[in-house]
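The values are calculated or read from the model by the stated rules, or taken from the named source; none is laboratory data. Since the structure is predicted, the reported quantities are computational estimates derived from the model, not experimental observations. A quick note on method: Cβ atoms are made from the backbone with ideal geometry, for glycine too, and the neighbour counts reach across all protein chains shown.
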Amino acid sequence: MKVYGETMPSRLFLGTAQYPSPAILQAAIKASGTGLVTVSLRREAAHGSGAGFWDLLRETGVRILPNTAGCHSAREAVTTAQMAREVFGTDWIKLEVIGHADTLQPDVFGLVEAARILSAQGFKVFPYTTEDLVVGERLLDAGCEVLMPWGAPIGSGRGLVNPDGLRAMRAHFPDVPLVVDAGIGRPSDAAAAMELGMDAVLLNTAVAKAGAPVLMARAMAEAIAAGRAGYDADPMERRDMAVPSTPVLGLAEFI
Amino acid sequence: MITIAGAGLAGLACAYALLRRGASVTVFERAEVLGAESVARFAGGMLAPWCERESAQEEVVSLGGRAFDWWARITPVHRRGTLVVALRRDQSEIARFGRRTSAYRTVNGAEIAALEPALSGRFQQGLFFEQEAHLDPRRALRDLAAEVQRLGGEIRLGSPAPQQVDLDCRGIHAALPGLRAVRGEMALLRCPEVKIRRTLRLLHPRTPIYLVPRGDGHYMLGATMVESDHVGPPTLRALMELMGAAYALNPAFAEAEVVETGAGLRPAYPNNLPRLERRDGTLHLNGLYRHGFLLVPALAEAAADQLMERRDENPREFRTA
């Protein structure tokens with residue numbers, strides 16, 4: 001898949017928070033085969049720096065997508081994005097504007113506003129949004145070339161809460177890269193997202209908080225590859241009636 | 001004569017281990033006041049290897065086991081266990097924590113109330129790690145320093161270490177390759193109305209916290225984990241999270257006096273485990289991360305082994321080539 005003109009080596013994007021240690025994070029990145037990792041700047045960069053941790057991330061050689069996690073207004077998100085560009089030397093930004101403290105649901109109004117400001121400043125914006133089609137339109141109008149609808153609330157591990165909404169998104173935006181961001185708990189959730197025709201999946205907690213994060217990273221990568229292949233292979237339609245897979249013609253009949 | 005840089009937790013523990021083997025030891029400490037620049041001041045002081053196993057590797061259990069008796073020779077160790085609880089809506093956190101750990105029994109509401117009456121009626125399910133313990137970190141540092149001096153060791157306060165020392169224990173100030181800072185923020189409360197005797201951990205999907213009784217109505221509340229080398233005071237958000245969690249444990253904490261807030265930088269290596277390594281003729285003990293009091297006994301003894309040239313007896317993980 002291509003985003004902002006860049007070919008991604010993998011359809012799995014990986015978050016870097018909450019791992020038991022940076023060493024396990026590095027191993028999980030490697031096992032996942034991901035070509036894009038997100039990193040939160042906000043808390044770490046407010047004062048001082050998280051340089052030690054960022055150096056360990058850079059060691060992996062994987063492209064970094066800084067995010068604006070934890071920002072609750074467009075202005076805050078814009079400032080954080082500008083800071084991230086300085087720190088990481090990239091104009092790619094995962095835009096999060098949180099509207100609801102408990103569900104961490106995106107504030108789509110602030111999101112569109114921040115996306116417009118950042119796009120005008122040359123940022124390549126990856127917006128964390130809902131499956132709302134109109135919001136998707138507005139984000140594209142604002143300059144986004146990719147949409148990242150949630151599967152379920154961040155960190156909830158509930159899987160795809162609204163698969164029909166995602167399916168509608170795929171149908172409505174056939175040529176826009178769609179990345180399911182947030183809510184993935186198990187490999188089957190990731191595979192389901194890919195079977196819907198999503199272009200990629202972004203996940204974090206499901207790997208970081210698994211008992212064996214490195215093993216789960218590999219499992220997610222395999223599920224995403226399988227789900228995508230299943231989508232490309234044009235699966236059969238579901239039927240109500242059983243159809244024997246072995247022909248019955250020519251079977252011996254006893255009269 | 002063995003010279004040590006840094007009279008924090010690691011430096012003092014190593015001095016103690018060396019003195020007990022008959023070495024003579026001088027510890028250099030930049031700060032004028034003992035412990036003033038030591039991150040151990042902000043520690044919880046939990047000896048909780050089984051709980052820590054939730055996110056740490058097996059070494060915290062295998063190396064941490066000797067901490068109980070080691071510390072008991074030096075300072076009071078309160079062997080009252082750790083009680084792990086979660087609010088009703090976060091019950092799945094208990095299941096996850098239980099799957100990652102061992103050496104506990106599950107407890108119901110009545111058992112929780114029997115262990116800690118202050119939690120009565122508030123929590124219906126928990127885990128009790130009976131073998132765990134806690135100590136008072138500041139008292140432990142003082143007691144350890146007193147032991148070092150009683151055994152004939154010299155602690156030179158206000159004296160930066162010379163260029164070349166035998167053992168470097170300067171924590172985050174050592175600037176070793178691969179060593180990073182993980183910032184932790186804490187608060188000290190005084191709340192005599194709430195009587196809690198053992199370490200509590202409140203599991204929460206966003207901000208797990210622990211509360212360690214310090215005696216005399218005092219409680220240590222900790223701690224955040226931020227990938228940052230910022231040394232300034234705690235942020236409002238960190239304190240909100242800590243205070244909110246204390247309030248969830250028992251609303252009577254609303255009346256607690258906030259005696260102190262603080263922040264420190266934990267030195268950590270990429271695998272979050274400590275290292276004992278030789279560089280240019282100096283042995284470095286560093287990277288104790290959030291397991292200082294738990295792991296320093298094993299590491300200090302291993303360091304003393306190396307300095308006294310008894311390498312074969314080191315734990316395998318810390319043997320140098």
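Structure data summary
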| read-out | value |
| --- | --- |
| Scope segment B:163-222; condition out of contact with any Pro (no Cβ under 6 Å at 6 or more places or on another chain), within 14 Å of chain A (Cβ to nearest Cβ) and either in a strand (DSSP E or B) or more than 23 Å from A:Ala51 (Cβ to Cβ) (or both); matching residues | B:Arg180, B:Ala181, B:Val182, B:Arg183, B:Gly184, B:Leu203, B:His204, B:Pro205, B:Arg206, B:Thr207, B:Pro208 |
| Which listed residue is more than 19 Å from A:Ala233 (Cα to Cα), out of contact with any Gly (no Cβ under 7 Å at 6 or more places or on another chain) and assigned to a helix (DSSP H, G or I), from A:Ala168, A:Ala210 | A:Ala168 |
| Top-ranked residue in segment A:99-145 [being of a type in the set (Val, Ile, Thr) and part of a loop (DSSP other than H, G, I, E, B); ranked as surrounded by the most Cβ atoms within 10 Å (Cβ to Cβ)] | A:Thr130 |
| Condition met for A:Ala28 (more than 9 Å from chain B (Cβ to nearest Cβ), assigned to a helix (DSSP H, G or I) and buried (at least 22 other Cβ atoms within 10 Å of the Cβ)) | yes |
| Residue count, segment B:180-221 (criterion: buried (at least 17 other Cβ atoms within 10 Å of the Cβ) and closer than 17 Å to B:Leu115 by Cα) | 11 |
| Evaluation of B:Glu277 against (1) touching a Gly at 6+ places or on another chain (Cβ under 6 Å); (2) away from chain A (no Cβ under 14 Å) (one fails), failing number | (1) |
| Matching residues, segment B:62-93, being within 14 Å of chain A (Cβ to nearest Cβ) and not in a loop (DSSP other than H, G, I, E, B) | B:Arg89, B:Asp90, B:Ser92, B:Glu93 |
| Residue within segment B:64-74 that is in contact (Cβ under 8 Å) with a residue 60 or more places away in the chain, within 27 Å of B:Tyr269 (Cα to Cα) and touching a His at 6+ places or on another chain (Cβ under 9 Å) present | yes |
| One residue from A:Thr90, A:Thr68, A:Thr34, A:Thr80 being more than 14 Å from chain B (Cβ to nearest Cβ) and at pLDDT 95 or above | A:Thr34 |
| Check on B:Leu242, free of Cβ contacts under 8 Å to residues at least 40 places away in the same chain, more than 11 Å from every other protein chain (Cβ to nearest Cβ) and buried (at least 19 other Cβ atoms within 10 Å of the Cβ) | no |
| Residue among A:Asp181, A:Asp189, A:Asp199 that is of a type in the set (Asp, Glu) and closer than 19 Å to B:Arg206 by Cβ | A:Asp181 |
| Test set (1) within 14 Å of another protein chain (Cβ to nearest Cβ); (2) crowded, with 20+ Cβ neighbours inside 10 Å; (3) at pLDDT 90 or above; (4) in contact with a helix residue (DSSP H, G or I) (Cβ under 8 Å, 6 or more places away or on another chain) - B:Ser228 fails condition number | (3) |
| From the options A:Arg11, A:Arg75, A:Arg58, A:Arg85, residue that is more than 14 Å from chain B (Cβ to nearest Cβ) and surrounded by fewer than 16 Cβ atoms within 10 Å (Cβ to Cβ) | A:Arg75 |
| Only one of B:Asp90, B:Asp168 that is closer than 26 Å to B:Ala43 by Cβ and touching a helix residue (DSSP H, G or I) at 6+ places or on another chain (Cβ under 9 Å) | B:Asp168 |
| Close pairs (9 angstrom Cβ cut-off, 6 or more residues apart or separate chains): within 14 Å of another protein chain (Cβ to nearest Cβ) in segment B:99-114, surrounded by fewer than 16 Cβ atoms within 10 Å (Cβ to Cβ) anywhere | B:Arg99/A:Gly211; B:Arg100/A:Gly211 |
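Table: residues versus (1) in contact with a helix residue (DSSP H, G or I) (Cβ under 6 Å, 6 or more places away or on another chain); (2) outside the structural domain of B:Arg197 (by TED's automatic domain parsing); (3) closer than 30 Å to A:Pro22 by Cα.
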residue: B:Glu58; (1), (2), (3): no, yes, yes
residue: B:Gly64; (1), (2), (3): yes, yes, yes
residue: B:Phe68; (1), (2), (3): no, yes, yes
residue: B:Ala86; (1), (2), (3): yes, no, yes
residue: B:Arg100; (1), (2), (3): no, no, yes
residue: B:Ala110; (1), (2), (3): no, no, no
residue: B:Pro117; (1), (2), (3): no, no, no
residue: B:Arg139; (1), (2), (3): no, yes, no
